[in-house]
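Note sheet for the following structure.
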Amino acid sequence: MNVRSFVSSFAVAMLLFIVSVTMIGAVLISYEEKQFNTYANNLAKTKQKVILLGLLTEAQLAQYENFSIEQIEALTDFSFQDAIYALRPYKNLDYVETVARKALHQAEAHLSNVYDREDAILYFRSYTSDKLILERPIPDLEGSKETFDIEWCRVNYACILAAWKEQLSDRVLISKPFKTTYSDEMALSIMSPVYYRGKLVGEFSEQLYLSSLYNEGKAVDVEVSNGNKQIIIYFPSYPLAHFAYTQSYVADNNNLVIYQYPFSKIVVDYSFILVIYSVVAFAYYRKANESKQSKIQLENALSDVTQDDLTGLLNRRVFKEERFKHRMEVEPYSIIAIDGNRIKKINDRYGHHVGDEVIVIIADSMRKVFRNSDYLVRTGGDEFIVILPGCSMSKASMLAKKLRSVVKHNRLNTLDIEISVSTGVAVREEDETLQEVIVRADEELYEMKKQRV
């Protein structure tokens, strides 16, 4: 297989790969759009949830001002096993915390699917006495003082105290991605403040675990500019990761969530298709090349079979070729029968090698007179047939005369032997076979020979 075939096979494989990747990419991007919309919907629902809990708690703080903690607890329908963690253990819940806990349980009773997510946890953070009230226990959180570290919260925007007033105008704060204080998991918190008598007393927050994103090969990065954050979900392990199909979601008044699906991911993930196409194209071109070579060899072999050894003209075997026979059946043609004059006498007097030279001169003369598309056949000894497809009787007669003249002027100079030929011309009539036309041409040839005697 030559270099040209190799380059062609690779070019075809690359073209097919580009088409395939384009089609696959359209499907994948459609899927990623739906997945991102799922992320965005989850964020929107989480925002609504924490805002609702914050507003509900504020309303109940005003409603139950004249109630004791015991009375509020008596009104609370504890519908699930929550968990309370405190910076200073064994300290009872205060008024704000008791009301917030009641709101937490009340929401479960009136809102469906509030606490059914395994990849998230909802909690209330109290700023009145440093407690966390969680929807379910987290054993590793017990005794973790870092969770209550305000400085850690500020660095990661993981609590409301990290926000300035304008950030909370929509009652939502979204943290940076951070590693939780009780495990190696990455998470993101969405928070809403709780106010009582004009003071910040706590926050409701849902902590979203990002394990599923990282398990899919994604990562989360944050860019901060003038207090505004861009939370970027992307694929870090692919080249040109930020040259990507991009979608965005305005999470709140200073957070923009951006999802980037790199085009290189499609190319890299489906590069095996290029390998398959290359192998198939290479095999195809190799097979085609072998077939071409075989065809050439076959044609050469057939040419050797149908070629006369002495003159290089065709021999009688050409009459048996299917393509030739089909052409003779459907096309008009004329035939010139040719016979060398006095060749036997030349053989007897000068030898057969001189007679062969004369036959070669006649064959060379035929090549000079007739077209490449004509069939020049040596039928035996000094006898020849010329088949002229699409040639009229008058034209064939002119060519026969020209041949006689050309042969006559090609003397065998070494022995000063005059060479001449006799010819007979016939044109195919309707429904006439090749053999019948040849017979008529031979008859005219014999008439010319008689006239020479």
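Things to note:
- Considering segment 234-254, and only residues there that are surrounded by 17 or more Cβ atoms within 10 Å (Cβ to Cβ) and among the hydrophobic types (A, V, I, L, M, F, W, C), the residue that is nearest to Ala158 (Cα to Cα) turns out to be Ala251.
Listed here are the residues, each with its yes/no results for (1) modelled with pLDDT of 90 or more; (2) among the aromatic types (Phe, Trp, Tyr); (3) on the phi > 0 side of the Ramachandran plot.
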residue	(1), (2), (3)
Asp269	no, no, no
Tyr285	no, yes, no
Glu299	no, no, no
Asp309	no, no, no
Lys320	no, no, no
Ala337	yes, no, no
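- Top-ranked residue of segment 107-161 - restricted to ones that are closer than 16 Å to Asp82 by Cβ and small (Gly, Ala, Ser), ranked as modelled with the highest pLDDT: Ser126
- Residue identified as among the polar types (S, T, N, Q) and within 14 Å of Ala441 (Cα to Cα) among Ser373, Ser397: Ser397
- Of all residues making up segment 196-217, the number that are among the small types (Gly, Ala, Ser) and surrounded by fewer than 19 Cβ atoms within 10 Å (Cβ to Cβ): 4
Here is a yes/no grid of residues against (1) surrounded by 18 or more Cβ atoms within 10 Å (Cβ to Cβ); (2) within 23 Å of the chain's Cα centre (by Cα):
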{"residue": "Ala219", "(1), (2)": "no, no"}
{"residue": "Val224", "(1), (2)": "no, no"}
{"residue": "Ile232", "(1), (2)": "yes, no"}
{"residue": "Leu256", "(1), (2)": "no, no"}
{"residue": "Tyr261", "(1), (2)": "yes, yes"}
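So that you can scan it fast, the table gives a plain yes or no per residue for (1) more than 35 Å from the chain's Cα centre (by Cα); (2) in a strand (DSSP E or B); (3) not acidic (Asp, Glu):
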site: Asp184; (1), (2), (3): yes, no, no
site: Leu188; (1), (2), (3): yes, yes, yes
site: Met191; (1), (2), (3): yes, yes, yes
site: Val201; (1), (2), (3): yes, yes, yes
site: Ser205; (1), (2), (3): yes, yes, yes
site: Leu208; (1), (2), (3): yes, yes, yes
site: Leu213; (1), (2), (3): no, no, yes
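- Of all residues in segment 181-195 being of a type outside the set (A, V, I, L, M) and within 20 Å of Asp149 (Cβ to Cβ), the one that is surrounded by the most Cβ atoms within 10 Å (Cβ to Cβ): Ser189
- Candidates Gln81, Gln48 - the one that is loosely packed, with under 15 Cβ neighbours inside 10 Å and over 52 Å from the mean Cα position of the chain (by Cα): Gln81
The values are calculated or read from the model by the stated rules, or taken from the named source; none is laboratory data. Please read these numbers as outputs of a predicted model, since none were measured by experiment. Positions of Cβ are generated from backbone atoms using ideal geometry, with glycine treated the same way; all protein chains shown enter the neighbour counts.
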